[in-house]
Amino acid sequence: MRSTGRLEGTGVPVLVVRGFHLFNENINHMGGGRAMTPEEQDLIMGLAFVPGVGRTRTIDEVLAHFGESDGGALALRLLRDAVERRDADDVEMALIVHGAADASAEEFMEPLTELFPAEWHREHEDIVSMLGRLRSPRTMPTLVLATHWVPEYLDWDENRALAVKAIWALGAIPGEEARDALKGLRDAENEIIRENAVNQLARRGEL
């Protein structure tokens, strides 16, 4: 997958190419899918919690519509299909189903790490949050990338929310590799990144 953005401290556009062929092999067996209808998207959007309203649909209703009995399996199928079609809206729908089903993020690790660098979607922060819950060293390459790379649509965010989420996720991963990644961020040009890296190291007792 290819994506453009800029590297921290340079302002220079970059091209990120990560694992396209591997992920493409993983999703090809799903076959060519179709985009969700507006009615299907509305059905899934009903799973999202709205303050003062709550949820207007249940996961059982969504499962029945798509002919599935397992929410995690449905979310994974929808995600793979959306990525194959490069459909940003349907990627969002897949992640909503995943959250509503309270599915494990473990089996989503590989597709999410492959999806992360793509520029055509806007779920980068959600992906980092999901990977962060795993506290796995296997997520580190993606998390480290998230501390430096800024997708174009997030270029306005001076608070660097994506990078901060990634730094906190790195801080939750045990081991020397995560520690070294955090130490490497102490010299980042951006003050917010430096401060958050130092805070995580202090929390771990490794400052």
Does any residue in region 60-82 that is in contact (Cβ under 8 Å) with a residue 12 or more places away in the chain come within less than 8 Å, Cβ to Cβ, of a residue that is of a type in the set (Asp, Glu) and surrounded by 21 or more Cβ atoms within 10 Å (Cβ to Cβ) six or more places away or on a different chain, and which pairs are these? 78/90; 81/90; 82/90
Looking at region 191-207, I want the residues that are without any contact (Cβ under 8 Å) to a residue 24 or more places away in the chain and have a partner that is open to solvent by 20 Å² or more (accessible area, probe 1.4 Å) and among the acidic types (Asp, Glu) with Cβ atoms under 8 Å, at least 6 apart or on another chain. Which pairs are those? 194/187
Tell me the residue from 187, 157, 180 that is open to solvent by less than 40 Å² (accessible area, probe 1.4 Å), acidic (Asp, Glu) and more than 24 Å from residue 75 (Cα to Cα), please. 157
Would you tally the residues in region 166-203 being more than 11 Å from residue 143 (Cβ to Cβ) and outside any helix (DSSP H, G or I)? 5
Among the residues of region 73-81, is there at least one that is open to solvent by 40 Å² or more (accessible area, probe 1.4 Å) and either aliphatic (A, V, I, L, M) or in a loop (DSSP other than H, G, I, E, B) (or both)? yes
Would you point out the residue of region 98-150, among those that are among the β-branched types (Val, Ile, Thr) and in a helix (DSSP H, G or I), that is farthest from residue 193 (Cα to Cα)? 113
What do you reckon, is residue 193 under 17 Å from the mean Cα position of the chain (by Cα) and hydrophobic (A, V, I, L, M, F, W, C)? no
Return a yes/no flag: does region 33-42 have any residue that is assigned to a strand (DSSP E or B), open to solvent by 30 Å² or more (accessible area, probe 1.4 Å), at pLDDT below 95 and not polar (S, T, N, Q). no
Considering region 43-62, residues that are open to solvent by 90 Å² or more (accessible area, probe 1.4 Å) and of a type in the set (D, E, K, R), and then whichever is farthest from residue 72 (Cα to Cα), we arrive at 55
Return only the number of the condition from (1) open to solvent by 60 Å² or more (accessible area, probe 1.4 Å); (2) part of a helix (DSSP H, G or I) that residue 69 does not satisfy. (2)
For region 190-207, which residues satisfy the criterion of being of a type in the set (A, V, I, L, M, F, W, C) and open to solvent by less than 90 Å² (accessible area, probe 1.4 Å)? 192, 193, 197, 198, 201, 202
Pairs needed: first member in region 108-120, of a type in the set (Asp, Glu); second member anywhere, open to solvent by less than 20 Å² (accessible area, probe 1.4 Å) and in a loop (DSSP other than H, G, I, E, B); C-beta distance under 9 Å; at least 6 residues apart or different chains. 114/1; 119/1
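The values are calculated or read from the model by the stated rules, or taken from the named source; none is laboratory data. Given the structure is predicted, the values throughout are model-derived calculations rather than measurements. With ideal geometry, Cβ positions are generated from the backbone for all residues, glycine too; neighbour counts draw on all protein chains shown. To get the accessible areas, we keep the full protein, side chains included, count just its heavy atoms, and leave off ligands, DNA and RNA. Shrake-Rupley method; radii C 1.70, N 1.55, O 1.52, S 1.80 Å.
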